[in-house]
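For reference, the structure is listed below as structure tokens.
FYI, it's all coordinate maths here, none of it is from the lab. Since this is a predicted model, take the numbers as computed values, not measurements. Note that each Cβ is placed from the backbone with ideal geometry, even for glycine, and that neighbours are counted across all protein chains shown.
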Amino acid sequence: MSAVIDVRERLAELGLEHAATILEDALRRATRDKSDYLTFVQTLLDYERAKRRQRNLEVRTKLAHLPYRKTLEEFDFSFQPSIDERMVRELATMTFVGRQENVMLLGPPGVGKSHLAVALGVEAIRQGLSVYFVSLTRMMSDLRKAYEENLLDRRMRVYLRPKLVIVDEVGYMPLDAVAANLFFHIVSARYERGSLVITSNKSFGEWGELPGDRALATAVLDRLLHHAHILNIRGNSYRLKERRQLADKET
């Protein structure tokens, strides 16, 4: 028994803490199944690797600040036939991130834009990519505060470092001159360096209204759309669908 304790302590010292926790159980199973030494070691290492991957996934998910967890498996493509499901599945491979391309999800409120954006974020995290989710309003509030405190360069790293940044709800609130320039700064800094997924309830023709400066809006769109995949969702609201279903149950 002292040898087991010694091995467990050495595993922990080497940073193989998860393997250390199953050492005795693994020994019993190996004895029962008459496993060879290599299989026994492989069992310990596989468990350690699985636990580390799970931990890394949890950490990356927490750092991504996703508002909720939604997956593509949960998305009802049959309810939104305007969506090219094959294109979405292709985006889920994350090859667009490797090419530093963008994804634009357009459509009225409630059609599933944010669900798809979050689902792509979840898939990116599963594939080991760094992700950050933020609404445009929150991003602008954050950067404006940093700008006023002369900390803009440092704070910008939050939005420039991740491989994939998801900016939700672009167009729901107009941007003043400062916010518009900050948004342009983000888009320009990530241009051909990192991918953006953007959800918006505005058509591209209406983007000039957001900053009140059509020249600036054109410059933003020029960079966003140069390497972009566009999904224009035309359909009914999921939220209205759920309300109708709830009302039907109550009657």
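Some notes on this structure:
- Dividing the convex hull volume of the alpha carbon atoms of region 2-51 by its residue count gives 69 Å³ per residue.
- All other residues whose Cβ lies under 15 angstrom from that of Ala179 are scored, Lys and Arg at +1 and Asp and Glu at -1, for a net of -2.
- Fraction of beta bridges assigned by DSSP in the chain that are antiparallel (%, nearest 5): 0 percent
- Charged neighbours of Arg53, selected by a Cβ distance under 14 Å, balance to +3 (K, R count +1; D, E count -1).
- Compactness of region 29-92 was expressed as the Cα radius of gyration divided by 2.2 N^0.38 Å, which yields 1.88.
- Assigned charges on the beta-carbon of Lys, Arg, Asp, Glu; the chain dipole about Cα centre (debye): 140 debye
- Region 50-101: trypsin sites (Lys or Arg not before Pro) in DSSP coil with no more than 15 other Cβ atoms inside 10 Å: Arg69, Arg99
- Theoretical ellipticity at 222 nm over the chain - DSSP helices of four or more residues, -39500 (n - 2.57) apiece, nearest 500: -17500 deg cm²/dmol
- Between the residues Phe96, Ala119, Leu44, the greatest Cα displacement towards the positive end of the dipole of region 40-125, with unit charges on the Cβ of Lys, Arg, Asp and Glu, is found for Leu44.
- Checking (i) 45, 44, 33; (ii) 59, 49, 33; (iii) 75, 57, 35 against the coordinates, the calculated Cα extents along the principal axes in Å falls under label (iii).
- Taking the Cα atoms of region 88-172, the ratio Rg/Rh between the radius of gyration and the Kirkwood radius comes to 1.00.
- Considering only Tyr159, Ala12, Trp207, the residue lying farthest towards the positive end of the dipole of the chain is Ala12, judged by Cα position with unit charges set on Cβ.
- Based on the Kirkwood approach, the hydrodynamic radius assigned to region 29-146 is 17.3 Å, with every pair of different Cα atoms included.
- Principal semi-axes of the equivalent ellipsoid, √(5λ) from the alpha carbon gyration tensor of region 150-234, are 20, 17, 12 Å from largest down.
- 10 Å beta-carbon shell around Tyr132, net charge (K/R +1, D/E -1): +2
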